[in-house]
1. Return the pair list, or none, for Cβ contacts closer than 7 Å from residues in segment 129-144 that are at negative phi to residues that are open to solvent by 20 Å² or more (accessible area, probe 1.4 Å) and among the basic types (Lys, Arg), at least 6 apart or on different chains.
2. Lys320: among the charged types (D, E, K, R), farther than 30 Å from Leu169 by Cβ and part of a strand (DSSP E or B), yes or no?
3. Among the candidates Gly79, Gly51, single out the residue that is farther than 23 Å from Leu19 by Cβ and under 29 Å from the mean Cα position of the chain (by Cα).
4. Output yes when any residue across segment 55-67 is at pLDDT below 85 and within 26 Å of Leu170 (Cα to Cα), and no when none is.
5. Tell me which residues, restricted to segment 136-159, are in a strand (DSSP E or B) and closer than 17 Å to Lys93 by Cα.
6. How many of the residues in segment 258-314 are of a type in the set (Val, Ile, Thr), within 19 Å of Gln340 (Cα to Cα) and within 23 Å of the chain's Cα centre (by Cα)?
7. Of the residues Leu92, Leu68, Leu76, which single one is part of a loop (DSSP other than H, G, I, E, B) and open to solvent by less than 10 Å² (accessible area, probe 1.4 Å)?
8. So how many residues does segment 124-159 have that are loosely packed, with under 15 Cβ neighbours inside 10 Å and of a type in the set (A, V, I, L, M, F, W, C)?
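The values are calculated or read from the model by the stated rules, or taken from the named source; none is laboratory data. Keep in mind the model is a prediction, meaning the values are calculated, not measured. Note that each Cβ is placed from the backbone with ideal geometry, even for glycine, and that neighbours are counted across all protein chains shown. Just so you know, the surface numbers come from the protein's heavy atoms only, side chains and all, with ligands and any DNA or RNA stripped out. Shrake-Rupley method; radii C 1.70, N 1.55, O 1.52, S 1.80 Å.
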Amino acid sequence: MQSKELSNIELLKEIAELLNEETEMEQMLQGALRKLLEGTIFETGWIFFIGEKGKQELIAHENLPNTLEQNNCRHLQRGGCWCVSRFRNGELKKASNIIECQRIENANKTKEVIEEEITHHATVPLQSGQERFGLLNVATANTVRFEDGELALLESVAFQIGSAIKRILLTKQEQQVALVQERNRLARDLHDSVNQLLFSVTLTARGGIEMTEQPEVKGTFKEIQYLTQEALTEMRALIWQLRPRGLETGIIEGLKGYGDILGLTLNIQVKGVINLPAKIEETLFRIAQEALNNIRKHSGVLKAEIYVTVTSTDVLLVVKDEGCGFHMKDLRMLPSIGLQSMKDRANSVSGTVDWVTEANKGTEILVRLPY
């Protein structure tokens, strides 16, 4: 073992300490990968996350050669290769030497003269129990094959990383459960207190209208009743946002229920089978809620069309109305329509939101979320 290298036990201990730190997933993986390269003969490495549908994502990399790092790691971001294919097929069970790597071959073709080139790599699946998350790949210049001891060390590191990924995912699930519980508590509190008070004010105003014959007083009570009814509608919509009960039976029923609360007539059309991850479904629902709120408050109409198209990789949502619309240059003057909120929600899941609108010609909101 080279003098600069740690013993295997010391290395695994230091990597374990890094993986137990309270950091973001990407930062944790980057640190573990860096420590692995510092303590072994491996010179470069990268980590793929691979989703349930086989979609790969380059989540971390360290000390890549220029051929692989150029153009935002284009050769690692795109295309296919043996290790990813074997992982998808469930055939990759342990650390293995890769005889040929199409990504490396394609990257090396872009350089006329290559010294100290990476031609081969080793790969190992990242998993915890039966759950599989992705791949850890490492390589060294002018090295075609790694020894059994080096592959065994790679498997030990992969086991640690897989366990850490599982721990982080469980923590996020617990946080999500806690968030839902807090939303439910707030929704109950609003319903039991503010919502009931507003309803009482509405009844009081109605009684005041019937008890007086003075036009001015009647007008005042009618205004109070109208404003309170509007506030009650807003409050019910807020409670629904905190606890979207309609999602229990699917996003379409949820949108229909929310439209009913706002007094909107919705024409909803769906293409494809809606079987979305919970995070994507809720994000789509929240964006659609904001769009319907805008129609209720700003469009001047009470009808809207919703189109949902589901493909194998994306879900597309279109919310369209034939209301008053607005000039895009006036966005800064319309902070209440929540366009930035929609963009932020979409960006949080790597999606996009766009608008097509013009004064007196309606508004069309287009949302695309990958999953």
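1. Listed pairs, sorted by first residue: Glu131/Lys166.
2. It is true that Lys320 is among the charged types (D, E, K, R), farther than 30 Å from Leu169 by Cβ and part of a strand (DSSP E or B).
3. Selected residue: Gly79, the only one of Gly79, Gly51 that is farther than 23 Å from Leu19 by Cβ and under 29 Å from the mean Cα position of the chain (by Cα).
4. yes
5. Leu136, Asn137, Val138 - these are the residues of segment 136-159 that are in a strand (DSSP E or B) and closer than 17 Å to Lys93 by Cα.
6. Residues flagged as of a type in the set (Val, Ile, Thr), within 19 Å of Gln340 (Cα to Cα) and within 23 Å of the chain's Cα centre (by Cα) within segment 258-314 amount to 3.
7. Leu92
8. The number of residues fulfilling the criteria is 3.
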